[in-house]
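**Q** Once you've had a glance at the structure underneath, I'll fire off some questions.
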Amino acid sequence: MTTLVDVPASAQTATRPSAPRRRRGQTWPFVLILLGPSAVLILVFIVLPAVYGLWLSLTNTQLTGFAARDPKFVGLDNYTYLLTSADFLNSLGQTGTFLLFSAIIGQTVLGMVAAILLSRPWIHGKGFFGAAVLMPMVVPEVVASLTWASVLATSPEGTLNRLLNIFGGEPTAWLQTAPMMAIILVNIWRGLAFAMIMFQAALEDVPAELIEAARVDGAKAVQVFRHVTLPLIRGPVFLYLLLTTISTVGVFGLVYFLTRGGPGGQTRIAAIYIYERALQFSQIGIGSAASIILLVIVLVLGAVYVRLAKVEV
Amino acid sequence: MKRTYVAAAFTASVVAAAGLTGCSAGGGDGSDGSVTITIMETKQTNIDAISKEIPGFEAEMAEQGKDIKVELIADVLTDEQFMTKMTQQLIAGQAPDVLDIGENMAISWSSAGYLAPLDDYLSEWDGWSHYYPAVKEAITRQDGQVYSLPSGAGVLNLFYRKDILTELGVDTSQPETWDELIGRLVEVKEKTGDTPIVIPAGTAWGGGTWGEGFMPLLGGTDTEFYDTETDTWDLESPGWLAVFELYDDLVSNGLMPVEDLQNPNPWEPTKYEKFPEGEIQVAAQGTWGWKFDWGPNGATPIEGLVEKVSTWQFPGLRSGDKPYGWSNTGGGYAISEDSENKEAAWEFIKYLSTGEPLAEQLVASGAASARDDLDDVAPYSEEPQLLQAGEDLGESVFVVTGDGAAQIGQAVASATELILSGQADGQQAYDAFVKDATDLLGPTLVKE
């Protein structure tokens, strides 16, 4: 015989916590211990330096000279100075050109073309093609810069000049005659692989039946891409644009090693300008203000991308 | 559940241990009374020279009952890279105890308070009385104190390929004026098609554009560009424009290798390739060219150097100017203000700045002695070019400057870059220079 005893709900609550609450109560120390170190590291190495950078941007701090001994709060003077400085505005313009042609147009378009080509079943040697495109991505930035410095070298021994010579061309000082074009091409070369990988993954998620249906309805390849594929991969495309914008605005080593912002400031993108001001001219206050302005611009661009993509990041 | 806590505790311990390990750093003081000091060198010849002297110093200290060890930090860098890197370390209090620095660094860092004044040490050292008065003047900073002791001194002149010019039938006597020299350079260009002269210019050459190019030209025609009374830069002093116009003349006549000068590391194609090959025939160069650049163990040795190469003094630039050499003495060994081993560091500097150890370093780097008692000390005594440079030092020109030298150097580099890239003539470059320099120096460092 079985005897059933009813226990009042209130008594249950009093004697035992509910399962989800108990789980929460028992796991939070574990979560805290695991997340704590990361949170501390982020706080110490990212948040605090950023806040300190913001503070520096409001001072006339210098790294060297007598001025380094007695920095003063100058309010928004550094921002006013920069936003009325032809040099800084010019560097923002150079950054815009570099970003537009190397990342937004170059990497994105060519990355998409490469991804589409690699998704075609009739393409042979995909492994070789994919590896060739991926290679620039794994080469360290300094090595890539030195390699391209050799390719674009002024002397007749430069790789590109040797190639030109085969066709009877005269040696050209590429980094002097077309410096912006040179760094744009090098950045496209370097960033193409990441774009291709992201777009390849996105294209694989496009249902084949939708494309098939569009073709049955008589759509041509371009129409299929424009009206079916592209809308379906809009999220990854804008996510890529967001990532490449952030990374391209932050490009420093590639340009520094190839042109150092020259000749005559023709490739002085914002990262080079900030480096010069903050570390070469020792004006860390102005350099910090320039960094904050650049950060705000990137955040605005990022917000636009996120809104256009309607993706969660 | 217990297993969960164990895993969590283990993870936390590993992270904490890793963090603490990262925080630990090597100490300088030994608990047994021994002291380890650090010195940083960024040029291979200096690295080799200093590493050779360290055992002798440690042995001498041991004889005196002092247990002092020296750790050499060898990091081959350009002056610009070194200054950028070391500025951060000095601010962070992580700089080596002993630094081997250039003049601009001595000015910039001493005024910021990053270097220890050496006056108290110098006043108790009998070696100090042997330094030439002109050297003492050059290394005394605006606040009247000395922060660096020169390891050597140099005289900048125009080095020229005597063999090539003679073969071309071009006059090799000392040119009295720049007009006369430009006439000869044009003759060389017509006969060879080369760009016959290199003077540091542009941003790619870094601090050398100012220290080894523009400043020697400026100081030879105008010593009033820095006002020591007010510690300000006189940007309206007439020499500035004259030098920018000289650069413009050289570039517009096709006499300077403008493309090479706009590439990163411009000294490589010019001083290390074309001058040794005879494709550049004249180069603005310091005494160290005899060893550091073109000597048997230099960057690019020129076989038969003393037969093939000779020197001219810089010609006069403006009416009434006479030929001159430019002395370079403003840097040297310094002690970081945050060093915990200043006494030991000073002992090492004294050792490096005396007798045979100094003579060996001077020969290795190709510098003249800043002291009057070294001419008979081997191996320095066996180097006629260096001895001659030492003699020339007394007659050479030098202008003592102060805070803002690094900023002036940057503004000059940018303005000469405009000339190299064809974006400005001499006057326009000067105007751009004044604007940049005023901007970089701020109102307190520009003479009204």
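The values are calculated or read from the model by the stated rules, or taken from the named source; none is laboratory data. Bear in mind that the values here come from a model prediction, so they are computed numbers and not experimental data. Ideal geometry is used to build each Cβ from the backbone, glycine not excepted, and the neighbour counts take in all protein chains shown. Areas reflect the complete protein model, heavy atoms only, side chains present, ligands, DNA and RNA absent. Shrake-Rupley method; radii C 1.70, N 1.55, O 1.52, S 1.80 Å.
**Q** Is it the case that some residue within region B:204-216 is part of a loop (DSSP other than H, G, I, E, B), in contact (Cβ under 8 Å) with a residue 12 or more places away in the chain and not small (G, A, S)?
**A** Quick first cut of region B:204-216, residues part of a loop (DSSP other than H, G, I, E, B) only: B:204-207.
Checking the rest, the ones that are also in contact (Cβ under 8 Å) with a residue 12 or more places away in the chain come to B:204-207.
Subsequent filtering for residues that are not small (G, A, S) retains B:205.
Within region B:204-216 (the criterion being part of a loop (DSSP other than H, G, I, E, B), in contact (Cβ under 8 Å) with a residue 12 or more places away in the chain and not small (G, A, S)), the answer is yes, since at least one residue qualifies.
**Q** OK, next. Does region B:229-271 hold any residues that are under 25 Å from B:G193 (Cβ atoms), within 14 Å of chain A (Cβ to nearest Cβ), open to solvent by 20 Å² or more (accessible area, probe 1.4 Å) and not in a helix (DSSP H, G or I), and which are they?
**A** Passing the criteria: B:N263, B:N265.
**Q** Of the conditions (1) assigned to a helix (DSSP H, G or I); (2) over 28 Å from A:T80 (Cα atoms); (3) touching a Leu at 6+ places or on another chain (Cβ under 7 Å), A:G285 fails just one. Which one is it?
**A** A:G285 satisfies every listed condition except (2).
**Q** Can you pull out every residue in region B:62-104 that is more than 14 Å from chain A (Cβ to nearest Cβ) and of a type in the set (F, W, Y)?
**A** Answer for region B:62-104, where residues must be more than 14 Å from chain A (Cβ to nearest Cβ) and of a type in the set (F, W, Y): there is none.
**Q** Which ones in region B:98-140 are at pLDDT below 90 and of a type in the set (D, E, K, R)?
**A** B:E103, B:K136, B:E137
**Q** So how many residues does region A:26-55 have that are surrounded by fewer than 11 Cβ atoms within 10 Å (Cβ to Cβ) and modelled with pLDDT under 90?
**A** 1
**Q** Keeping to region B:127-180, report how many residues are open to solvent by 60 Å² or more (accessible area, probe 1.4 Å) and among the aromatic types (F, W, Y).
**A** Residues flagged as open to solvent by 60 Å² or more (accessible area, probe 1.4 Å) and among the aromatic types (F, W, Y) within region B:127-180 amount to 1.
**Q** Please give the number of the condition B:P200 fails out of (1) in contact with an Asp or Glu (Cβ under 6 Å, 6 or more places away or on another chain); (2) part of a strand (DSSP E or B).
**A** (2)
**Q** A further question follows. Please state which of the following conditions A:A309 fails to meet, knowing it meets all the rest: (1) in contact with a Lys or Arg (Cβ under 7 Å, 6 or more places away or on another chain); (2) under 24 Å from A:P49 (Cα atoms); (3) open to solvent by less than 10 Å² (accessible area, probe 1.4 Å).
**A** (2)
**Q** Considering region A:217-256 alone, what residues qualify as being surrounded by fewer than 19 Cβ atoms within 10 Å (Cβ to Cβ) and within 14 Å of another protein chain (Cβ to nearest Cβ)?
**A** A:F252, A:G253
**Q** A further question follows. Considering only residues that are under 14 Å from B:G239 (Cα atoms) and without any contact (Cβ under 8 Å) to a residue 24 or more places away in the chain, which ones fall in region B:305-323?
**A** Our first condition is that a residue be under 14 Å from B:G239 (Cα atoms); within region B:305-323, this holds for B:316-321.
Correct list: B:S319, B:G320.
**Q** May I ask you to list pairs of residues, at least six apart or on different chains, whose Cβ atoms are under 6 Å apart, with the first in region B:373-386 being in a loop (DSSP other than H, G, I, E, B) and the second being modelled with pLDDT of 90 or more and among the aromatic types (F, W, Y)?
**A** Qualifying pairs under 6 Å: B:L374/B:Y380.
**Q** Now a separate question. Considering only residues that are touching a strand residue (DSSP E or B) at 6+ places or on another chain (Cβ under 6 Å) and surrounded by fewer than 22 Cβ atoms within 10 Å (Cβ to Cβ), which ones fall in region B:272-285?
**A** B:G278
**Q** Mind checking whether some residue in region B:118-140 is more than 20 Å from B:A345 (Cα to Cα), touching a residue at least 60 places away in the same chain (Cβ under 8 Å) and within 11 Å of chain A (Cβ to nearest Cβ)?
**A** The answer is no; no qualifying residue exists.
**Q** Looking only at region A:269-285, which residues are within 12 Å of another protein chain (Cβ to nearest Cβ) and within 23 Å of A:S150 (Cβ to Cβ)?
**A** Of everything in region A:269-285, just one residue is within 12 Å of another protein chain (Cβ to nearest Cβ) and within 23 Å of A:S150 (Cβ to Cβ), namely A:I272.
**Q** Taking the residues in region B:87-113 that are over 24 Å from B:G144 (Cα atoms) and assigned to a helix (DSSP H, G or I) as candidates, determine which candidate is least open to solvent (accessible area, probe 1.4 Å).
**A** That would be B:Q89.
**Q** Which of the residues spanning region A:56-69 are buried (at least 17 other Cβ atoms within 10 Å of the Cβ) and within 13 Å of chain B (Cβ to nearest Cβ)?
**A** Correct list: A:L56, A:N60, A:T61, A:Q62, A:L63, A:T64, A:G65, A:F66, A:A67, A:A68.
**Q** Here's a follow-up. Of all residues in region A:114-133, how many are assigned to a loop (DSSP other than H, G, I, E, B), open to solvent by 60 Å² or more (accessible area, probe 1.4 Å) and over 14 Å from A:L203 (Cβ atoms)?
**A** Residues of region A:114-133 assigned to a loop (DSSP other than H, G, I, E, B): A:120-125.
Subset that is open to solvent by 60 Å² or more (accessible area, probe 1.4 Å): A:120-122, A:124.
Checking which are over 14 Å from A:L203 (Cβ atoms) leaves us with A:122, A:124.
Here the count works out to 2.
A quick yes/no check of all residues on (1) assigned by TED's automatic domain parsing to the domain that holds B:I54; (2) of a type in the set (A, V, I, L, M):
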| site | (1), (2) |
| --- | --- |
| B:S336 | yes, no |
| B:E340 | yes, no |
| B:E356 | yes, no |
| B:S369 | yes, no |
| B:P384 | yes, no |
| B:S414 | no, no |
| B:A424 | no, yes |
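**Q** Those residues that are out of contact with any helix residue (DSSP H, G or I) (no Cβ under 6 Å at 6 or more places or on another chain), surrounded by 13 or more Cβ atoms within 10 Å (Cβ to Cβ) and part of a helix (DSSP H, G or I), I need them from region A:82-91; list them, please. So that I can check it myself, show each step before the final result.
**A** Step one: list which residues in region A:82-91 are out of contact with any helix residue (DSSP H, G or I) (no Cβ under 6 Å at 6 or more places or on another chain), which gives A:83-87, A:89-90.
After this cut, where a residue has to be surrounded by 13 or more Cβ atoms within 10 Å (Cβ to Cβ) as well, the list is A:83, A:85, A:87, A:90.
Correct list: A:L83, A:D87, A:N90.
Residue by residue, here is whether (1) open to solvent by less than 70 Å² (accessible area, probe 1.4 Å); (2) over 24 Å from A:L243 (Cβ atoms); (3) touching a Pro at 6+ places or on another chain (Cβ under 9 Å) holds:
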residue	(1), (2), (3)
A:F167	no, yes, no
A:T172	yes, yes, no
A:A182	yes, no, no
A:L185	no, no, no
A:M198	yes, no, yes
A:A202	yes, no, yes
A:V206	yes, no, no
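**Q** Test B:E71 against the criterion of being open to solvent by less than 60 Å² (accessible area, probe 1.4 Å), within 30 Å of the chain's Cα centre (by Cα) and at pLDDT 90 or above, and give yes or no.
**A** On the way: open to solvent by less than 60 Å² (accessible area, probe 1.4 Å): no; within 30 Å of the chain's Cα centre (by Cα): yes; at pLDDT 90 or above: yes.
For B:E71, the condition - open to solvent by less than 60 Å² (accessible area, probe 1.4 Å), within 30 Å of the chain's Cα centre (by Cα) and at pLDDT 90 or above - is not met.
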